[in-house]
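Remarks on the structure that follows.
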Amino acid sequence: MASSLPGSALTLASTILLVSSVAYRRDRGVTGSHRSCCGVSGKTWTKPSGFDTGLKTFNSLTKQKEPLILAREGTAVDPLSTITSYVRFDLLQRILSRMFGVTVIHAMVITDIDDKIIRRGLEENVSPTMIARLYEDEFKRDMLSLKVVPPVVYLRVTENVHHIISFIKGIIRNGHAYSTEEGDVYFDIQSIGDRYGKFVGAVDSQGEPGGSSKRDSRDFALWKRSKPEEPYWESPWGRGRPGWHIECSTVASCVFGSQLDIHSGGIDLAFPHHENEVAQSEAYHQCGQWANYFLHSGHLHLKGSSEKMSKSLKNYITIKDFLQSYSVNEFRMFCLSTKYRSAIDYSDSSMVAACSSLGTISTFIHTAQAYMTGQLQCSPVQEAALWDRYLAETKSSVLTALADDFDTPRALGALMNMVYHGNRQLQPVSTSGGAARSPAVFGAMVRYLTDVLDVFGIDLLHSQADLLSSGGRLQAVVEQMTHFRTEVRAFALGQLKDRTDGTPRKIGPPTDGALLLRACDSLRSDLAPLGVLIQDRGATSTWEITEGKQTQRGQRVHDKDQDRSS
């Protein structure tokens, strides 16, 4: 149930291990009876009874998609292995709560004592507690910067050691663990027979390193005797500290009881971490199926490499550095582009693709708003098709995709298809000739689009509001500049509005008209990487504040969506 941030994709410079336990509570009554935790034998998966959420999800226990059924009001989802996994499971959490009415209760366990933390404390001649707190604070700040929904409570391992000791005593009492003369306590793998090995690779594993007193090489430590200069707690087996796996099972059991609906994490945690969690939890609770579903996310790779991104391999990017080049919205769009179970390739080109998709959506929203406010003149649009074929079908397609193992790429594809057809209807003309307009349907499309993006943690409107507020009177300045540019273009193109009634009248193009047009284009190009996007809409122009950075990357993304004025 724990995850190591030093091995994270967008990692912190830390040695702290963090674990999250997430509970899902539905807001409707349970149907059917709650299945007893006991009575399931071997590796057979038992379909739980209870409330059918309407979703299907890939269950690592069965290696196939299963209907997601919540057996009771509280369910637990634990740890995420990388920063990318944190964002991916945050997306799942948001989808469950916002799209399917499942209230999510999130409790996060922080492993603030382990070998790496102790070693770092000795190296820097400070207490392990100080090391853990510093990186805990940094981790929390980075999660907030990535818009990951924070838990309702943080639970530190060092504050729950008494519960862990009681949990270990229970496993020993049930005949599934043993202590050694040296003061270690190991889980007895042989005591559970063929129940060990629910995940691929478990049976053939050589197990974890340990003392010579282990009965089986696969036996893993529940309690580790302390070495000189190491922190310790008093226990029935002598001075020591908890093993890695036991802390997660203990805290999950203290918070959520003996039955979990969902257990999640990076695929690298399936074995040995999740395997050992299942073994010790079922041994303690004397049940046959501790968790009904296991969801595992794929690794983040550098494109062209089979190795996951990690600090130990020195192929990582820090969150701080990443956010210098890309926004949180762009990173979330990148995560949405692949299924949570799939490995995801990180590269500049993949990020540019995510930025381009986000830019296309943003451009559509502002084009639709320009149409609704009368700034954009278009030919009559196919209103019935937009209502019934594109908006209604998109809503159905998005919901169907997300109910099918949280298929965000398919949902995103449906949204982009709606945007494409909406854009086709919004082609500017010099004059509409008084044709009928259909602003309501575009208002509905924009509202639905922004609502779904908000579910995904992407908030384009607030991002722009932040940019505007940080710029003081920037909005008024851009308004005046855009108006000035519109008049210059009109003069260069040979169309000048009569000041009395506003009717355009033709004049002969000035000899320097081409130079004026080029100056207009140059101004627009210079403003784009600064986050100001000007677009020509026939005889008028509109502007928007974008998330483009002052880089060539931002320039490339926004250039694709710009109309040439000359």
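The values are calculated or read from the model by the stated rules, or taken from the named source; none is laboratory data. Note that the coordinates shown come from a computational prediction; the quantities given were computed from them, not determined experimentally. Heads up, the Cβs are rebuilt from the backbone with ideal geometry, glycines too, and the neighbour counts pull from every protein chain shown. When the accessible area is computed, the model is the full protein with side chains, heavy atoms only, and any ligands, DNA or RNA have been set aside. Shrake-Rupley method; radii C 1.70, N 1.55, O 1.52, S 1.80 Å.
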Open item on the list: Just to be sure I understand, how many residues within region 111-157 are part of a loop (DSSP other than H, G, I, E, B) and over 24 Å from D90 (Cα atoms)?
Closed with: 5
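So that you can scan it fast, the table gives a plain yes or no per residue for (1) among the basic types (K, R); (2) assigned to a helix (DSSP H, G or I); (3) at pLDDT 85 or above; (4) crowded, with 24+ Cβ neighbours inside 10 Å:
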residue	(1), (2), (3), (4)
D261	no, no, no, yes
D268	no, yes, no, no
E277	no, yes, yes, yes
F294	no, no, yes, yes
G304	no, no, no, no
I317	no, no, no, no
S349	no, yes, yes, no
TODO: Please find, among R173, R156, R215, the residue that is free of Cβ contacts under 8 Å to residues at least 40 places away in the same chain and farther than 30 Å from T46 by Cα.
DONE: R215
- [ ] Working only within region 360-397, note down all residues that are touching a residue at least 60 places away in the same chain (Cβ under 8 Å) and under 13 Å from M418 (Cβ atoms).
- [x] T360, I361, F364, I365, A368
Open item on the list: Let me spell it out: the conditions are (1) surrounded by fewer than 19 Cβ atoms within 10 Å (Cβ to Cβ); (2) closer than 24 Å to G298 by Cα; (3) of a type in the set (G, A, S), and A411 meets all of them except one. Which number is the exception?
Closed with: (1)
- [ ] Could you run through region 158-194 and say how many residues are assigned to a helix (DSSP H, G or I) and either within 30 Å of A132 (Cα to Cα) or of a type in the set (S, T, Y) (or both)?
- [x] 14
Task: Search result, residues across region 378-421 that are of a type in the set (G, A, S), modelled with pLDDT under 95 and part of a helix (DSSP H, G or I) - done: A384, A385
Open item on the list: Against the conditions (1) in a loop (DSSP other than H, G, I, E, B); (2) at pLDDT below 90, where does I105 fall short? Just the number, please.
Closed with: (1)
- [ ] Provide a single number: the residues in region 47-63 that are under 16 Å from F406 (Cα atoms), in contact (Cβ under 8 Å) with a residue 24 or more places away in the chain and either open to solvent by 40 Å² or more (accessible area, probe 1.4 Å) or outside any loop (DSSP other than H, G, I, E, B) (or both).
- [x] 7
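Residues checked against (1) in a helix (DSSP H, G or I); (2) hydrophobic (A, V, I, L, M, F, W, C); (3) within 26 Å of E330 (Cβ to Cβ); (4) at pLDDT 65 or above:
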residue	(1), (2), (3), (4)
Q480	yes, no, no, yes
T486	yes, no, no, yes
F491	yes, yes, no, yes
R505	no, no, no, no
G508	no, no, no, no
L533	no, yes, yes, yes
D536	no, no, yes, yes
TODO: Of the conditions (1) open to solvent by 30 Å² or more (accessible area, probe 1.4 Å); (2) closer than 29 Å to Y86 by Cα, I164 clears all except one; give me its number.
DONE: (1)
Open item on the list: Tell me the residue from L269, L222, L260 that is under 23 Å from Q190 (Cβ atoms), of a type outside the set (G, A, S) and assigned by the TED database to the domain that holds F187, please.
Closed with: L222
Open item on the list: Which count do you get for residues in region 94-107 that are open to solvent by less than 20 Å² (accessible area, probe 1.4 Å) and over 20 Å from T250 (Cβ atoms)?
Closed with: 3
- [ ] Tell me which of these D405 doesn't satisfy, since it passes every other one: (1) open to solvent by 50 Å² or more (accessible area, probe 1.4 Å); (2) under 20 Å from R94 (Cβ atoms); (3) among the acidic types (D, E).
- [x] (1)
TODO: State whether one or more residues within region 231-252 are open to solvent by 10 Å² or more (accessible area, probe 1.4 Å), touching a residue at least 40 places away in the same chain (Cβ under 8 Å), part of a loop (DSSP other than H, G, I, E, B) and touching a Pro at 6+ places or on another chain (Cβ under 9 Å).
DONE: yes
TODO: Please go through region 108-148 and pick out each residue that is within 17 Å of the chain's Cα centre (by Cα), surrounded by 15 or more Cβ atoms within 10 Å (Cβ to Cβ) and touching a residue at least 60 places away in the same chain (Cβ under 8 Å).
DONE: M108, F139, D142, L146, K147, V148
Open item on the list: Looking at region 193-208, I want the residues that are assigned by the TED database to the domain that holds H245 and at pLDDT 85 or above and have a partner that is open to solvent by 90 Å² or more (accessible area, probe 1.4 Å) and not in a loop (DSSP other than H, G, I, E, B) with Cβ atoms under 9 Å, at least 6 apart or on another chain. Which pairs are those?
Closed with: Y196/Q190
